[in-house]
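The values are calculated or read from the model by the stated rules, or taken from the named source; none is laboratory data. What you see is a predicted model, and the numbers here were worked out from it, not measured in a lab. Glycine gets a Cβ as well: all are built from the backbone with ideal geometry, and neighbour counts include every protein chain shown. Heads up: the accessible areas ignore ligands, DNA and RNA and are worked out on the full protein's heavy atoms, side chains in. Shrake-Rupley method; radii C 1.70, N 1.55, O 1.52, S 1.80 Å.
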Amino acid sequence: MAAITDMLVPVNATVTDVIGETPDVKTFKIKIDDGNYRESFAYRPGQFAELSILGIGESTISITSTPTRPDYLEFSIKRIGLVTEAIHTLVSCNKIALRGPYGNGFPVEDWKGKDLVFVAGGIGLAPLRSVINYMLDNRDDYGRIQLIYGARSPQDLVFRWEYDTWRQAKDFDLEITVDGASEGWMGRVGFVPALLKEAAPSPENAIALTCGPPVMIKFVLQDLVSMGFKSDQIITTLESKMQCGVGQCGRCNIGPKYICKDGPVFTLTELNKIKGDF
Amino acid sequence: MEKLEVKLREKAAELLEKGEVSMVIGWGESWSPAKATPVFARGKDAASKLVFNSFCFNNLAVYLPRFAERVAIFTKPCEAGSIVSLLAEGKLSRDNLHIIGVACRGVVDPIKLKTRTGNLEELAGARVEGDFIAAKKNEEEIRLPLTEVVLEKCLNCSDYDENFFDTVIGKANHLQATPTPRVPEDADAAWWRKFWMKEFERCTRCYACREACPACYCRDSCSAQSHREKWTGTKQGPEEALMFHALRAMHVAGRCIECGACERACPMSIPLTLLHSQVGKAVEKLFSFRVGERADAPPPLQTFKREELERDAS
Amino acid sequence: MQAKILKTENLQAWLDKLASYGEVYAPVKGKDTSSFERVNAGVMPDFSIRTDVPPKGLIFRQAEKILAYTVGEDGLEIKRAGEEISNRIIFGIRPCDSRAFDILDAALLNPYASEYSYSVMRERTVLITLACNEPGQTCFCTTVDGSPAGKVGNVWIIDLGDRYYVEALSPSGEQVVMLGEGLFMDATEDDKLLVQHKERELFKAVSRFPAPTVGDLNRIFDDEDFWKRLADKCLSCGMCTFLCPTCHCYEIKDEGNPKSGDRYRIWDSCMFSNFTLAAGGHNPRVEHWKRLRQRMMHKFSYFIENSGVIGCVGCGRCIRSCPVAFDVREFLRDAALVCTATVGSIDGLLDRDRTA
């Protein structure tokens, strides 16, 4: 019998750094212990992994690092349930178990030569950050990059430590807004869709990627369409309860698709075709 | 057709026609003559689908919390207890209900019938003839006394308070027989433990019993599946199953009317009603409380009275 | 391998010899439920029954240990559960249940990912399928592309009254037939003709009715009233999913403490609301009618779109066992009717391409 590796069994990894992003989000730098597995963990932006705290369970987390920086993996994790609570207690040198990568990811190769518009809300920036940094590492392959990002409050903005790098990058516009300001906030106040309308990105030779809370995505999709973006130019990611990550356990089944296997990245054209419970 | 059935359909059609209710919940025919199926009549024409006989074993009260509009429900008198419990716990509004009590002569327990006849599927033309169930199996006539195949509780049916119902159809005419004891009279805790450990070896903890139960409405909040406090483990085995069923038995104590919905939903045919009737008897004895008697009194395990503490201490 | 004939009185002798291959499971009538049990001196098989519980769990076990973990001074240690699985034979499995494993294969052994324990169990199990001489009233295998005489599994046998006709369908099937060498005779041309005749007769014995196509179901997906009415009586108890030979949704759960424990893969049910409840509280299928729609669509539409086969084998267990007598055939008939009312005549339904 051919040796089959059990896809449901995770491998050991070590936390190498923890960055506090917001009151309930931390970014974990993780290195897979086994060299061979680390080599074989080839991922593309937009894919995700299953992170485990054994004895508690697994959680589906998108990879926020870029494959162009292969020394480590990064996961930005919001404390929202039992497993993520447990992950939040981890510090450098602690062990964590991991399996993946899963999902289809963004077709970044197909977008060479195009302008990119990123529209993100809250922790939704995490999977998009993978694409952004991938493009910055292959800067000449891509055109102008526009990032429109918002969060509930200034404290809820993630990756603040990276904004300067992005702002200094070639042809990179970063626009930030918050739903509600707090003391000392000098920036913009308002919802993401409003900022998007103001920024009015051109659909010409462009791809728009959006990720964030469902209600934000709903409005952003409508707005992008009315700005002239075609359904094929609009990309989003779907969220749902996932467990196996490989299209078997049935939780993320929506229409004939399994979000974990056939997604989580979908074009608006694909989304419009799916009949299911979102 | 039975006279009772005619009256039942007339009443349903009348309520629907007058617009007093938007729907009548009753029983109708299914693929098997030995099994009735719940019917949801929304127009007066659909009222003709309603039937009533000893195969109407389903407790329809389980559906009531789903509807916000005013509905009518046919109920066997004992099952009014389920409605009373739901009212007492604030899950229903009495104003939204038109409750029609139907005089009942006991309902067949499909599990007993299956055990006696082998396979419900092969029972052709199953029907009630007087106090017998008659059917054909492979050309062979089968005739079983009703008392041998009805739910345990039907043999111990008591009179009921007609005032609770908005309409009563038929006259009380219940069976009286001494049930054949399913457990030895001197069964003690050790006996029960052994019994349940054996039965629960089959339990797959699929939770169908809970989902089918009119008294179990916690859904996603069921403590048996709480991720935070792990009351029951993941492993399969009689110990874990016992923990779950004991937990459920305590939660439905003083609220369970022993309708047998849990047992019928069990893919492994575990005799769960035995567990619940045992707990029910204890509640009745300890708290002098009968399930479904008063819609204004919460079940005893949901309240705390000082004298209960003192009584336990004495 | 040439088809064989086994005299009825020699069946037990063959069964005895099969024990040298591995554990032998066969239909056994229990006190309350019938199921596939390991047969030995004390447990006698009964080939006349169609079991209440399908043999699914013999290969796709309800609770499968995936791994064991320990956290010690040297860090975290993860060990894949390496339980030795012996060879096994499922004897007297009906064509519907046998075919259910082909459907499970499509779901669990797909090229994208293979469920490890299932793949091992599947490889080590030989299915000896017994044609269904007495289909029941709730059987509808012929409507979902099956037959009571369907040639599926590794060995196919059919009862001819005083003898069995035995045909090996795979190398492992040949192997277990060979174990009974000396008990078999070669089948004659007359035997073969008789078997062909019986196959046709049995196929006709199960009533066939028009079922909806993928296109039909996609058209009624948004008809909320249809699904709500359909789900009126459904208790969402999930019993059907546990007794379904093709349902395979699962959950991954840990059992243990921070120091040591195990992780399991356990059957779950799409009929439960918490099945799709996400950590943040989002739940796309809170309403029970949406869950019923999901189950029906998955079996009769999504599965066909993804694997080319219907996700149902028509065994009728969900009909027989449902506590409120929900009848999936009614759903299929109603769905087909609702659609023909808008898209054409009912006559063409049977022969239509299911993926149309």
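What tally of residues in segment A:5-22 results from selecting those that are of a type in the set (Asp, Glu), assigned to a strand (DSSP E or B) and either facing chain C (nearest Cβ under 8 Å) or surrounded by 17 or more Cβ atoms within 10 Å (Cβ to Cβ) (or both)? Steps first, please.
Pass one, segment A:5-22, residues of a type in the set (Asp, Glu): A:6, A:17, A:21.
Now narrow it down to the ones that are assigned to a strand (DSSP E or B): A:17, A:21.
From what's left, either facing chain C (nearest Cβ under 8 Å) or surrounded by 17 or more Cβ atoms within 10 Å (Cβ to Cβ) (or both): A:21.
Going through segment A:5-22 one residue at a time, the tally reaches 1.
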Flagged in segment C:1-39 as β-branched (Val, Ile, Thr) and either open to solvent by 50 Å² or more (accessible area, probe 1.4 Å) or in contact with a Ser or Thr (Cβ under 6 Å, 6 or more places away or on another chain) (or both), in numbering order, are C:THR8, C:THR33
Report yes if some residue within segment B:79-99 is basic (Lys, Arg) and in contact with a strand residue (DSSP E or B) (Cβ under 6 Å, 6 or more places away or on another chain); otherwise report no.
no
Which number in (1) open to solvent by less than 20 Å² (accessible area, probe 1.4 Å); (2) in contact (Cβ under 8 Å) with a residue 60 or more places away in the chain marks the one condition that B:THR204 misses?
(1)
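Out of the residues in segment C:115-145 meeting the condition of being hydroxyl-bearing (Ser, Thr, Tyr) and more than 19 Å from C:GLY57 (Cβ to Cβ), tell me which one is farthest from the other protein chains (Cβ to nearest Cβ). Working first, answer last.
Filtering segment C:115-145 for residues hydroxyl-bearing (Ser, Thr, Tyr) gives C:116-119, C:125, C:129, C:138, C:142-143.
Still in the running and more than 19 Å from C:GLY57 (Cβ to Cβ): C:138, C:142-143.
On the way: C:THR138: 6, C:THR142: 17, C:THR143: 14 Å.
Out of the qualifying residues, it is C:THR142.
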Can you list residue pairs whose Cβ atoms sit under 8 Å apart, with the first residue in segment A:89-112 being within 11 Å of another protein chain (Cβ to nearest Cβ) and more than 26 Å from A:VAL131 (Cα to Cα) and the second being open to solvent by 50 Å² or more (accessible area, probe 1.4 Å) and of a type in the set (A, V, I, L, M, F, W, C)? Count only pairs 6 or more apart in sequence or on different chains.
A:LYS95/C:VAL71
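If I filter segment C:281-308 down to residues being of a type in the set (Phe, Trp, Tyr) and in contact with a Pro (Cβ under 7 Å, 6 or more places away or on another chain), which single residue comes out as surrounded by the most Cβ atoms within 10 Å (Cβ to Cβ)?
Pass one, segment C:281-308, residues of a type in the set (Phe, Trp, Tyr): C:289, C:300, C:302-303.
Filter again for in contact with a Pro (Cβ under 7 Å, 6 or more places away or on another chain), leaving C:300, C:302.
Values: C:PHE300: 24, C:TYR302: 22.
Step by step, filter segment C:281-308, then rank; the result is C:PHE300.
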Among the residues of segment A:212-231, is any within 14 Å of chain C (Cβ to nearest Cβ) and β-branched (Val, Ile, Thr)?
yes
Hey, any hits in segment A:217-237 for a residue that's within 18 Å of A:ALA151 (Cβ to Cβ) and of a type in the set (A, V, I, L, M)?
yes
Just the residues that are in contact with a strand residue (DSSP E or B) (Cβ under 9 Å, 6 or more places away or on another chain), open to solvent by 70 Å² or more (accessible area, probe 1.4 Å) and more than 20 Å from A:GLU109 (Cα to Cα), please, taken from segment A:134-184.
A:ARG152, A:GLN155, A:ARG160, A:TRP161, A:ARG167, A:GLU175
Residue by residue through segment A:230-255, note down the ones that are over 21 Å from C:TRP267 (Cβ atoms), small (Gly, Ala, Ser) and open to solvent by less than 10 Å² (accessible area, probe 1.4 Å).
A:GLY255
Output the residues belonging to segment A:99-154 that are basic (Lys, Arg) and farther than 27 Å from A:ARG38 by Cα.
A:LYS112, A:LYS114, A:ARG144, A:ARG152
Filter segment B:114-171 down to the residues that are under 19 Å from B:ILE257 (Cα atoms) and within 14 Å of chain C (Cβ to nearest Cβ) and list them by number.
B:LEU151
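Can you confirm whether C:VAL324 is touching a strand residue (DSSP E or B) at 6+ places or on another chain (Cβ under 7 Å) and over 26 Å from A:VAL9 (Cα atoms)?
yes
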Matching residues, segment A:89-137, being on the phi > 0 side of the Ramachandran plot, hydrophobic (A, V, I, L, M, F, W, C) and not in a loop (DSSP other than H, G, I, E, B)
none
Heads up, the helices (runs of 4 or more DSSP H) in segment C:179-280 (entirely inside) with at least 2 residues that are closer than 30 Å to B:ARG264 by Cα and open to solvent by 20 Å² or more (accessible area, probe 1.4 Å) are C:224-231
The strands (runs of 3 or more DSSP E) lying wholly within segment C:1-65 that contain at least 2 residues that are among the aliphatic types (A, V, I, L, M) are C:4-7, C:23-29
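Need at least 1 residues that are crowded, with 20+ Cβ neighbours inside 10 Å and in contact with a helix residue (DSSP H, G or I) (Cβ under 8 Å, 6 or more places away or on another chain) per element, so show me which helices (runs of 4 or more DSSP H) inside segment B:207-314 make the cut, counting only ones lying wholly within it. Break it down stepwise before answering.
Details: elements: B:208-212, B:238-252, B:261-265, B:272-287, B:306-313.
Those helices (runs of 4 or more DSSP H) span B:208-212, B:238-252, B:261-265, B:272-287.
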Can you list residue pairs whose Cβ atoms sit under 7 Å apart, with the first residue in segment B:77-106 being on the phi > 0 side of the Ramachandran plot and the second being open to solvent by less than 20 Å² (accessible area, probe 1.4 Å)? Count only pairs 6 or more apart in sequence or on different chains.
B:GLY106/B:SER54; B:GLY106/B:LEU146; B:GLY106/B:VAL150; B:GLY106/B:CYS154; B:GLY106/B:LEU175
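Please determine, by comparing only the residues of segment A:256-278 that are out of contact with any Pro (no Cβ under 7 Å at 6 or more places or on another chain) and at the interface with another protein chain (Cβ under 7 Å from one of its Cβ atoms), which one is surrounded by the fewest Cβ atoms within 10 Å (Cβ to Cβ).
At the first step, the residues of segment A:256-278 found to be out of contact with any Pro (no Cβ under 7 Å at 6 or more places or on another chain) are A:256-276.
Going one step further and asking which of them are at the interface with another protein chain (Cβ under 7 Å from one of its Cβ atoms), we end up with A:256, A:261, A:275.
Values: A:PRO256: 21, A:LYS261: 22, A:LYS275: 15.
Only one residue fits best here, namely A:LYS275.
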Report the residue count in segment C:55-85 for those that are touching a residue at least 40 places away in the same chain (Cβ under 8 Å), of a type in the set (A, V, I, L, M) and more than 9 Å from every other protein chain (Cβ to nearest Cβ).
3
